[in-house]
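One structure is given here, and the rest of the page talks about it.
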Amino acid sequence: MGAGVGIGKAIAYRCAEAGADLELVDVNQKSLETVKEELSEFKVDIGIHKVDVSKKGEIDALLRGFDGNAPCVLVNNAVIYPSKKFLEVDQAFLKKVFDVNLNSAFRMCQNMIEQRLNKGGIVIDVGSIEALLPLKNDLAHYSMSKAAVIALTTALAKEYARHGSRVNAIVPGGTLTQGTKKMMKEPYKLNLGLVKTGLQFQMRLPVGRFGQPDEIARVAFFLVSELSSCVHGALIVVDGGFLSA
Ligand SMILES: NC(=O)c1ccc[n+]([C@@H]2O[C@H](COP(=O)([O-])OP(=O)(O)OC[C@H]3O[C@@H](n4cnc5c(N)ncnc54)[C@H](O)[C@@H]3O)[C@@H](O)[C@H]2O)c1
């Protein structure tokens, strides 16, 4: 899910390159078509599905379409991260963030685990360092949603490992994607707080640079491969050393 740009697209690229057939899901039809076109060199089957994962009805229609043959790998990556002051967050806003970032992952995991009980399946949830060490202001709603995604990962790993599911989370740090570029650009001129956060981020970061989407995708690729056959319930931080600094 969320395969149209950024980290999701990079994961799709790595998997297609390795010969995997893909079912790509995103709310943005145009970016899905672009990804499909870009991956056509790999001669794998690629289905694209325009789905707003915040809408349960759309997710359910997608899942019905698989007709009991859910893909054996699920990547829960779709996200929104709109900034909003904590005191201004209302129920509708919070619901939207949770529906996209968390409830979609919950529903997809439920369905995939059900369909692949004792057959084997791999789930990769995508968390965030913001869930563990919030750096930027006005993202409490996002941090909460990602903390819950991590909790979902560890709970399902414990409960379903014996039923054939391997469930792990990647926890990215600052990674240069369409989403982060947009966030950096928009209010930059007006928002000194954001400039300060950017500087603090750079100063703390041992590698001194943002990650690239493919640096997350390579870890995802490890997690879908047999190389990680005993990795269950792991939170794999890919943050250039940010949390450890
Ligand atoms: N980029 C970073 O610095 C960073 C840091 C920590 C964690 N992450 C996590 O990595 C993942 C990917 O982040 P990114 O930066 O590549 O994001 P992005 O904003 O660049 O891309 C997100 C994708 O999700 C899709 N999407 C958004 N709403 C959707 C909806 N309702 N239904 C279906 N698809 C929807 C978008 O169309 C887009 O293709 C996210 O889970 C994010 O929390 C990213």
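The values are calculated or read from the model by the stated rules, or taken from the named source; none is laboratory data. Everything quoted here is computed from the prediction, not taken from an experiment. Heads up, the Cβs are rebuilt from the backbone with ideal geometry, glycines too, and the neighbour counts pull from every protein chain shown.
Here are the numbers:
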item: Only one of Tyr188, Tyr160, Tyr142 that is surrounded by fewer than 17 Cβ atoms within 10 Å (Cβ to Cβ) and either at pLDDT below 95 or farther than 16 Å from Ile236 by Cβ (or both); result: Tyr188
item: Given (1) within 15 Å of the ligand (Cβ to nearest atom); (2) within 21 Å of Leu132 (Cα to Cα); (3) not small (Gly, Ala, Ser), number of the condition Asp214 does not satisfy; result: (2)
item: Filter result (away from the ligand (no atom under 13 Å from the Cβ) and either assigned to a helix (DSSP H, G or I) or over 16 Å from Leu135 (Cβ atoms) (or both)) within segment 198-207; result: Leu199, Gln200, Gln202, Met203, Arg204
item: Qualifying residues in segment 61-120 (those that are within 15 Å of the ligand (Cβ to nearest atom) and of a type in the set (Lys, Arg)) - the one nearest to the chain's Cα centre (by Cα); result: Arg107
item: Extreme residue, nearest to the ligand (Cβ to nearest atom), among residues of segment 125-145 that are touching a strand residue (DSSP E or B) at 6+ places or on another chain (Cβ under 9 Å) and assigned to a loop (DSSP other than H, G, I, E, B); result: Ser128
item: Single residue of segment 22-60 satisfying the filter (of a type in the set (Ser, Thr, Tyr) and over 18 Å from the mean Cα position of the chain (by Cα)) that is nearest to the ligand (Cβ to nearest atom); result: Thr34
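Each row is one residue, and each column tells you yes or no for (1) aromatic (Phe, Trp, Tyr); (2) within 8 Å of the ligand (Cβ to nearest atom).
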| site | (1), (2) |
| --- | --- |
| Ile150 | no, no |
| Thr154 | no, no |
| Ala157 | no, no |
| Tyr160 | yes, no |
| Arg166 | no, no |
| Ala169 | no, no |
| Gly173 | no, yes |
| Gln178 | no, yes |
| Met184 | no, no |
